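To keep things clear, I will list the structure first and then write my remarks on it.
The values are calculated or read from the model by the stated rules, or taken from the named source; none is laboratory data. What you are looking at is a predicted structure, and each value in this text was computed from that prediction instead of being measured. Positions of Cβ are backbone-derived with ideal geometry, glycine not excepted, and every protein chain shown enters the neighbour counts. Calculation scope for accessible area: heavy atoms of the full protein, side chains included, ligands and nucleic acids excluded. Shrake-Rupley method; radii C 1.70, N 1.55, O 1.52, S 1.80 Å.
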Amino acid sequence: MPKVTVDGQEIEVPAGATVLQACELAGKEIPRFCYHERLSIAGNCRMCLVEVKPGPPKPQASCALPAAEGQEIRTDSPMVKKAREGVMEFLLINHPLDCPICDQGGECDLQDQAVAYGRGGSRFAENKRAVTEKYMGPLIKTIMTRCIHCTRCVRFSEEIAGVDEIGALYRGEDMQITTYLEQAAAHELSANVIDLCPVGALTSRPYAFEARPWELKKTLSIDVSDAVGANITLHSKGREVMRALPRVNDDVNEEWLSDKGRYQVDGLTKRRLDRVWVRREGKLQPAEWTEAFGMIAGALASDKASIAAVAGDLLDAETMFAAKALVNACGSQLTEARQTGMTYDVSNLAAVNFNSTFAGIETADAILIVGSNVRWEAALLNVRLRKAVKAGAKVYIIGPEWDPTYPATFLGSDLKLLNRIPKELGDVMKSAQRPAVILGAAALSKGALPAALKLVDKFGLVREGWNGFNVLHISAARMASLMLGFTLAGGMADIAAAKPKVLLSLGADEMDYAPYAKSLKVYIGHHGDKGAHHADIILPGASYAEKDGTYVNTEGRVQFAEKAVFAPGDAREDWTILRALADALGVTVGFDSFAELQAAMIAAVPALGEEGLADYGALPKADSSAKAEGEIAGYPIKDFYLTNPIARASAVMQQCSDELLHGADVKEAAE
């Protein structure tokens, strides 16, 4: 490890570190625009200039210069100060002075660094250049006259997202960054370039002119649009969530966020259920809480145990625990969270967990994906798989073809391939040091789990320090529901067979309501989606942004989300509705406050009280006679942008679906 001196302070730096990283280790702030920790080094903004001896008597770009033994680095010399002032002056030559109307104002790197490292005035008197506007789709607003050509957006699209859509055209003063065909950037991670852009060239189109950063309250939360559990911050103003931004968590989402997780939040205020509704003479009519509770109690008067609960995909663990406590207190065991009807064995949670972890899958050198369109089911996991492929991993996929953004071999859609492994795949997996299998929802629904577990011994998926057997869920509530024992052996079929008098639908908007025609269907949820349309009674609940809650992602990571805003109208947090319903039914559930509910849940399932990866133990022994049958005809997600009731209520997600997936020419109001 080389030793260098930074402003008189001697430090030891890792081999291969750059001078910029050495300065940061020494606690020095180095201004930069093009350099980013997760992107390749471009070295084209020149803002990170430092003085280095031995070396030429001129400032050097620290981001692209390797740190070497015996270097003397100065970050505060007159030469460095003058050089940075010169660079900043050049950057501002063509930059429009429109900070008051720029959405980046208040969180702009160029503003901050112009104040900290720039001159007090400009010597430039010529005309500024202007660049025509580009169209990058419904999510990204472009004002490319502000662009300083740092190329972060270009490198993100090519290296992280794997979609070569953005690049530079022309040269010199005429250079401009654009999508090559001036069309929308159509991939699931496109809006991350907004966070990366250090100036106001790329800003958020739906959020344009809505608020300034200092007006917003920031709340730590978890993205529920998929089972990745990306860490986010909800920015709210009054009672409205204005935007969602990613938080840095290297174990989960690094610092990226899918477009759906970022932009579905405008659906939180649309098509909301904000009062109680009761179906009278075939029509839903407004009602009071007491009337609704009385109807439920009346339906259960002769048999209190004839009650069932189905959990939706966006639920927190506390709500499911409260629902289970209520149903059990009534004398029923009918609870299910796999609303679409899946019935895989959940007696051992290690068998349905993403055991490699997201960070670990980057180190895999051979990966078999069975029945999963990873780009749509877990866009941030696809970023990790790209890293693995860059490091030399080979990827094989069983299922209908999709574009994975990296080289992959499609083996076909027949699940019998799991019974007789093709020779090429077998040779690669057996010779790999860290082989991995990823089983998706399409394979789970076809009953492929027992046959996939046979691959653990066949390929040696479990080794010292490595577990390569993974199941990728698509529901944010799935792992928590399994930990709480919210499932039945026969799945939804068991509930349909029991013909309950009362069916509690907890935001279950993807299930088939046909078998429950004679049940009193009580929908506790937040949007007027499919569940509300079939309901006999609607009790307005709170969305993930309007309540505290615990979520467990597909790798078994327990995470906590905080309440950002209050629910609208008469809507209440779900656990309070269930607690009041318990009183109406005359049963005891054992909690009167959220703290008591959480304590009871943690007492029942201690792992839910410890943030981090839950320990599910060892994988079960595989059934040697298990066989996989059937063909994967398609994947469960048909439209990436419209997978849950919040997204379906979102005008932005609807526009993305129409324009980016279905090619609709969306016209503006003026047209």
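Find the all-direction average of the projected area of the Cα convex hull for the chain, expressing the result in square nanometres with one decimal place. Please list the in-between numbers first.
Values: hull surface 133.8 nm².
Averaging across all directions leaves 33.5 nm² for the Cα convex hull.
Among DSSP beta bridges whose residues both lie in the chain, state the antiparallel percentage, nearest 5.
Numbers: 47 of 81 bridges.
Roughly 60 percent of the DSSP beta bridges within the chain come out antiparallel.
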**OP:** Using the charge dipole of segment 3-93 (Lys, Arg: +1 at Cβ; Asp, Glu: -1 at Cβ; taken about the Cα centre), state which of ILE73, ALA61, THR5 has its Cα farthest towards the positive end.
**Re:** ALA61
**OP:** Two decimals is fine: what is log10 I(q)/I(0) at q = 0.15, 0.23, 0.26 Å⁻¹ for segment 549-620, from a Debye sum with one equal scatterer on every Cα and no solvent?
**Re:** -0.67, -1.11, -1.21
Original post:
Measuring from centroid to centroid over Cα atoms, what is the spacing of segment 639-659 and segment 281-333 in Å?
Top reply: 29 Å
Subject >> FRET efficiency, 1/(1 + (r/R0)^6) with R0 25 Å, evaluated for ALA64 and ILE93 via beta carbons >> reply: 0.60
**OP:** Return the Rg/Rh value of segment 109-268, two decimal places, where both radii are evaluated on C-alpha atoms and Rh is the Kirkwood radius.
**Re:** 0.99
**OP:** Would you mind calculating the gained length between ASN348 and ASP414 on full extension (0.36 nm times residue separation, minus the Cα-Cα distance), in nm to one decimal?
**Re:** 21.1 nm
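I'd like the antiparallel share, as a percent to the nearest 5, of DSSP beta bridges with both residues in segment 507-606. Write out the running numbers ahead of the final one.
Values: 4 of 8 bridges.
Here the antiparallel bridges make up roughly 50 percent for segment 507-606.
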**OP:** Would you mind computing, in nm to one decimal, how far apart the modelled labels at ASP76 and ILE101 are, each placed 7 Å from Cα along Cα→Cβ?
**Re:** 4.2 nm
Original post:
Tell me which lysines have Cα within less than 27 Å of LYS499's Cα, excluding those fewer than 8 residues away on the same chain?
Top reply: LYS283, LYS304, LYS324, LYS446, LYS518, LYS521, LYS530
**OP:** Kindly state, to the nearest 0.05, the FRET efficiency for ALA607 paired with ASN127, given R0 = 51 Å and r defined as their beta-carbon distance.
**Re:** 0.20
Original post:
When only alpha-carbon atoms count, how far does segment 142-235 stretch along each of its three principal axes, as whole angstroms with the largest first?
Top reply: 44, 31, 20
Subject >> Where only C-alpha atoms are counted, convex hull volume of segment 535-671 per residue in Å³ >> reply: 255 Å³
Original post:
By a straight-distance test (C-alpha under 17 Å), which lysines pair with LYS53 as possible cross-link partners, with residues fewer than eight away in the same chain excluded?
Top reply: LYS3, LYS81
Original post:
Which value, in debye to the nearest 20, describes the size of the charge dipole of the chain about its Cα centre when Lys and Arg Cβ atoms bear +1, Asp and Glu Cβ atoms bear -1, and nothing else is charged?
Top reply: 420 debye
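So what is the relative contact order of the chain, in percent, for Cα pairs below 8 Å that sit 6 or more residues apart? It would help to have the intermediate numbers written out before the result.
On the way: 1395 pairs, mean separation 95.2, N = 671.
Normalised by residue count, the contact order of the chain is 14 percent.
Mean Kyte-Doolittle of at least -0.5 plus a Cα span of 20 Å or more along the axis: flag which DSSP H helices in the chain meet both, please.
Membrane-span-like by this criterion, though nothing is claimed about a membrane: 78-93.
In terms of the Cα gyration tensor, with a ≥ b ≥ c the square roots of its eigenvalues, is segment 468-604 rounded because a/c is under 1.5, prolate because a/b exceeds b/c, or oblate? Write down the numbers at each step before the final one.
Numbers: a/c = 1.40, a/b = 1.08, b/c = 1.29.
It comes out rounded by the Cα gyration axes.
Have a look at the DSSP beta bridges in segment 3-93 and tell me what percent are antiparallel, nearest 5.
Values: 10 of 12 bridges.
Antiparallel: roughly 85 percent of the beta bridges in segment 3-93.
Where the accessible area of segment 109-268 is counted over protein heavy atoms with a 1.4 Å probe, how much of it, in %, is carbon and sulfur?
Details: 3100 of 6330 Å².
Carbon and sulfur together cover 49 percent of it.
Across all directions of projection, what mean area in square nanometres is found for the Cα convex hull of segment 257-304? Intermediate results must be reported in sequence, preceding the final value.
Details: hull surface 23.7 nm².
Reported value for the Cα convex hull: 5.9 nm².
If the only charges are +1 at each Lys and Arg Cβ and -1 at each Asp and Glu Cβ, what is the size of the charge dipole of segment 3-93 around the Cα centre, to the nearest 20 debye? Mind dumping the intermediate values first?
Working: 11 positive and 12 negative charges, 61 e Å.
Roughly 300 debye for segment 3-93.
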**OP:** Would you give the gap between the C-alpha center of segment 334-357 and the C-alpha center of segment 7-24, rounded to a whole Å?
**Re:** 48 Å
Original post:
Considering only protein heavy atoms, what per residue accessible area in square angstrom results for the chain with a 1.4 angstrom probe?
Top reply: 40 Å²
Original post:
Considering the Cα trace of segment 355-471, what is its radius of gyration and what is Dmax, both in angstroms?
Top reply: 12.6, 34
**OP:** In whole angstrom, note down how far apart the Cα centers of segment 92-159 and segment 518-559 are.
**Re:** 42 Å
Original post:
R0 = 35 Å: FRET efficiency of GLN285 with ALA600, Cβ-based, nearest 0.05?
Top reply: 0.45
Subject >> Cα pair distances of segment 184-253 binned at 5 Å [whole percent] >> reply: 3, 14, 21, 26, 22, 12, 2
**OP:** Would you kindly find the accessible area of VAL265, with a 1.4 Å probe and non-protein molecules such as ligands, DNA and RNA excluded, rounding to the nearest 10 Å²?
**Re:** 10 Å²
Original post:
Among PHE410, PHE566, THR178, whose Cα sits farthest toward the positive end of the charge dipole of the chain (+1 at Cβ of Lys/Arg, -1 at Cβ of Asp/Glu, about the Cα centre)?
Top reply: PHE410
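Which trypsin sites (Lys or Arg not before Pro) from segment 465-527 combine a DSSP loop assignment with at most 12 other Cβ atoms within 10 Å?
Working: sites: ARG478, LYS501, LYS518, LYS521; in loops: LYS501, LYS518.
For trypsin sites (Lys or Arg not before Pro) across segment 465-527 that sit outside H, G, I, E and B with at most 12 neighbouring Cβ atoms in 10 Å, the list reads LYS518.
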Original post:
Given q = 0.16 Å⁻¹, what are the Debye log10 I(q)/I(0) values for segment 82-175, with equal point scatterers placed on the Cα positions and solvent ignored?
Top reply: -0.82
Subject >> segment 3-93, Rg to Rh (Cα coordinates; Rh as Kirkwood inverse mean 1/r) >> reply: 0.94
Subject >> Proximal lysines relative to LYS390, as straight alpha-carbon distance under 27 Å, when same-chain residues fewer than 8 apart are discounted >> reply: LYS260, LYS423, LYS430, LYS458
Subject >> q = 0.19, 0.24, 0.26, 0.30 Å⁻¹: log10 I(q)/I(0) that the Debye formula gives for segment 23-68, counting C-alpha atoms only >> reply: -0.61, -0.95, -1.09, -1.30
